[in-house]
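The values are calculated or read from the model by the stated rules, or taken from the named source; none is laboratory data. The structure displayed is predicted, hence computed values, not measured ones. All Cβ positions, glycine included, derive from the backbone under ideal geometry; neighbour counts span all protein chains shown. Areas reflect the complete protein model, heavy atoms only, side chains present, ligands, DNA and RNA absent. Shrake-Rupley method; radii C 1.70, N 1.55, O 1.52, S 1.80 Å.
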Amino acid sequence: MQVVKRDGTITDYDRSKIVVAIEKANNEVEELERATQSEIDSILKYIEGKKRKRMLVEDIQDMIEDKLMEYGHYQLARTYIIYRYSRALVRKANTTDDSILSLIRNANKDVMEENSNKNAIAASTQRDLIAGEVSKDLTRRVLLPEKISKAHDDGVLHFHDADYFLQPIFNCCLIDIGNMLDNGTVMNGKLIESPKSFQVACTIVTQIIAAVASSQYGGQSVDIHHLGKYLRKSYEKFRAHTVEVIGENADEELIDRIARQRTQDELRSGVQTIQYQINTLMTTNGQSPFVTLFLNLDKDDPYIEENAMIIEEILNQRLQGIKNEQGVYITPAFPKLVYVLDEHNCLKGGKYDYITELAVKCSAKRMYPDYISAKKMRENYDGNVFSPMGCRSFLSPWKDENGNFKFEGRFNQGVVSINLPQIGIIANGDEKIFWELMDERLQLCYEALMCRHRSLQGIISDVSPVHWQYGAIARLKKGETIDKYLYGGYSTLSLGYIGLYEVTVAMTGESHTTEKGKEFALRVMKRLREATDKWKADTGLGFALYGTPAESLCYRFARIDKKLYGTIRDITDKGYYTNSYHVDVREEIDAFSKFEFESQFQTISSGGAISYVEIPNMRHNLKALAEIVRFIYDNIQYAEFNTKSDYCHECGYDGEIIINKDGEWECPACGNKDHAKMNVTRRTCGYLGENFWNVGKTKEIASRVLHI
């Protein structure tokens with residue numbers, strides 16, 4: 001037998017090289033982890049029993065890795081793979097020099113703009129980003145099979161987890177915050193007992209968020225409804241104290257009024273703690289936690305009234321904003337807010353419509369919250385309503401041993417996204433070529449996701465006690481592996497996709513909003529979904545199709561394809577690909593039609609999907625915005641607004657820019673009058689298009705229809 005090496009050269013098969021490699025890897029692990037001589041002999045017999053004339057070195061390595069894991073030697077398998085390429089690493093030139101030096105010089109635009117919660121200039125963040133560049137380099141050259149690395153480099157797919165693949169951490173999660181609050185937790189070796197008040201509960205929640213964010217890569221979501229019981233505890237405590245001070249025979253109404261006033265004060269302070277802590281603390285990664293607060297008023301919640309108060313206060317404080325270093329109120333990036341629309345708050349005369357009206361005001365001024373329709377989500381997820389993870393992906397329904405649905409305490413193992421437009425460009429309208437190429441590339445995505453899965457096998461709970469031992473995900477014993485949470489659909493492996501619009505144009509010549517284009521686009525989506533369903537059935541793993549909101553990837557894929565295939569009208573000429581199934585931003589379509597059209601693709605993307613509409617400044621037209629929110633409830637599962645608003649780049653003020661007594665635009669916060677440092681979208685004429693500069697001497701801002 002001959003062996004085809006990674007560089008394409010051919011050499012004779014030598015079994016002794018395998019024996020030496022495994023034995024050297026054996027020496028790097030504990031005795032219980034080592035492969036026995038009989039196991040090594042069995043591996044050799046298995047490889048040689050294939051009786052192939054030629055075999056790729058990667059295939060041999062895969063067989064060895066699979067066999068070692070079959071024998072339960074997970075740590076040995078990882079050690080073997082790292083050892084296997086160690087000599088090649090020494091021979092290869094270092095490929096991280098340019099990327100790391102560009103980070104230090106603040107010139108690595110791709111990395112610096114990849115995450116909104118990372119200040120890439122700060123030393124602590126740069127340290128994390130440098131580690132990420134090293135991990136990506138080792139992942140590409142060593143840890144991933146060469147065909148997966150090449151597919152990533154060529155833009156065939158995107159291996160999202162490369163910058164932390166080297167470490168035993170995962171992507172996003174839903175923190176089991178109720179478990180941790182009710183049953184206590186441990187952080188930094190210190191026991192934190194169940195809180196006795198709302199204020200303390202809020203403090204503990206932020207501590208948990210920081211600890212969880214420091215030991216994983218992606219975002220974390222927290223369901224706020226778990227705080228309702230602690231607000232009631234505070235009320236009961238204040239009431240008992242009031243009775244103790246003024247006597248049991250005091251007026252009942254007075255006692256209640258005092259207790260409620262003190263509860264309201266604590267509510268305000270507790271929510272302020274959450275907002276300020278999340279925005280001011282830094283994780284060990286040198287960044288703010290990428291956290292989402294889930295705001296859901298469940299009609300069956302015994303603490304629904306308390307939770308209504310909490311959500312109202314969260315929205316009020318977000319509406320106000322948070323002060324920047326100049327003392328100006330601005331919109332904080334975190335926490336993200338996701339607000340659930342249900343029968344009692346969908347602006348159709350429900351009891352809690354007043355909270356939704358506040359949410360609409362908040363969306364108009366502060367971008368958030370996003371909106372989930374409980375009605376549509378129940379249709380798509382077996383009657384359940386639950387939070388997306390920080391990355392906006394969703395978990396598939398999963399039941400515990402008692403037959404109860406469980407969502408909190410679950411996580412995403414990793415994500416791989418497929419470049420759909422590239423397949424369409426190559427196929428050039430030939431569906432036979434298209435579907436064959438689609439299947440080949442889906443197989444690559446599957447293998448890449450399995451690499452992600454295997455990298456987590458055998459990981460012990462000690463790598464992140466807050467996740468695995470103290471309740472964020474599980475309560476395992478020290479030294480226990482996390483393997484049981486990788487199987488049976490408990491956690492997800494997500495297949496993302498980019499550019500449904502562009503691939504439809506490439507194959508049909510039309511947008512997916514036309515009848516012809518939609519028919520093709522739906523076939524593409526159903527093929528993606530069939531693939532994830534089949535992988536799930538074949539492996540027992542929680543594969544899911546994810547309509548990813550990975551905006552930076554839209555640019556990466558488009559940039560690669562333009563370099564490979566040139567400028568192609570309406571595909572590579574824009575500089576970006578359209579995100580997942582979204583309608584291209586250049587198409588003329590109103591918000592209602594866009595949401596209605598895109599909703600049919602959300603139901604196929606079982607692993608999560610979000611739709612959005614670009615809306616000009618809506619602060620003076622809340623009625624129209626409320627109408628769209630009402631429409632969301634009946635028509636689409638998950639949606640958000642990208643609201644254009646006035647903004648001063650000089651001080652960060654994002655309120656309304658005024659016209660001063662001299663007729664000039666002026667920032668009321670800092671007095672800035674420099675139009676180059678100011679966005680102004682307010683239009684007294686009500687025009688909703690884009691603004692542009694009138695080139696006249698006055699440099700006044702004008703609309704395309706009427707001058708202001």
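Structure summary
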| item | result |
| --- | --- |
| Filter pass, LYS536 being within 29 Å of ASN404 (Cβ to Cβ), among the charged types (D, E, K, R) and touching a residue at least 24 places away in the same chain (Cβ under 8 Å) | yes |
| Residues that are basic (Lys, Arg) and surrounded by fewer than 23 Cβ atoms within 10 Å (Cβ to Cβ), drawn from segment 298-322 | LYS299 |
| Residues of segment 50-73 that turn out to be open to solvent by 40 Å² or more (accessible area, probe 1.4 Å) and over 12 Å from PRO145 (Cβ atoms), as a count | 8 |
| Condition check for GLU146: open to solvent by 10 Å² or more (accessible area, probe 1.4 Å), over 30 Å from ALA240 (Cα atoms) and not aliphatic (A, V, I, L, M) | yes |
| Pick from segment 333-350, criterion within 20 Å of ASN642 (Cα to Cα) and surrounded by 20 or more Cβ atoms within 10 Å (Cβ to Cβ), ranking: farthest from the chain's Cα centre (by Cα) | LEU341 |
| Subset of segment 526-550 that is touching a Gly at 6+ places or on another chain (Cβ under 9 Å) and of a type in the set (S, T, N, Q) - its residue that is farthest from GLN602 (Cα to Cα) | THR532 |
| Failed item in (1) open to solvent by 30 Å² or more (accessible area, probe 1.4 Å); (2) assigned to a helix (DSSP H, G or I); (3) within 23 Å of THR280 (Cα to Cα); (4) modelled with pLDDT under 95, with LYS361 passing the rest | (3) |
| Residue list for segment 22-46, restricted to those being among the small types (Gly, Ala, Ser), assigned to a helix (DSSP H, G or I) and surrounded by 17 or more Cβ atoms within 10 Å (Cβ to Cβ) | ALA25 |
| When residues of segment 251-285 are limited to those that are of a type in the set (D, E, K, R) and open to solvent by 50 Å² or more (accessible area, probe 1.4 Å), the one nearest to ARG318 (Cα to Cα) | ARG268 |
| Which numbered condition LEU293 fails, given (1) within 16 Å of MET309 (Cβ to Cβ); (2) open to solvent by less than 90 Å² (accessible area, probe 1.4 Å); (3) assigned to a helix (DSSP H, G or I) | (3) |
| Total residues in segment 149-180, condition surrounded by fewer than 23 Cβ atoms within 10 Å (Cβ to Cβ) and not in a loop (DSSP other than H, G, I, E, B) | 6 |
| Of all residues in segment 533-583 being open to solvent by less than 30 Å² (accessible area, probe 1.4 Å) and among the polar types (S, T, N, Q), the one that is farthest from HIS158 (Cα to Cα) | THR572 |
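Listed here are the residues, each with its yes/no results for (1) at pLDDT 90 or above; (2) in contact with a Ser or Thr (Cβ under 7 Å, 6 or more places away or on another chain).
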residue: ASP590; (1), (2): no, no
residue: PHE597; (1), (2): yes, yes
residue: SER611; (1), (2): yes, no
residue: GLU627; (1), (2): yes, no
residue: ARG630; (1), (2): yes, no
residue: TYR633; (1), (2): yes, yes
residue: THR643; (1), (2): no, yes
residue: ASP646; (1), (2): no, yes
residue: HIS649; (1), (2): no, no
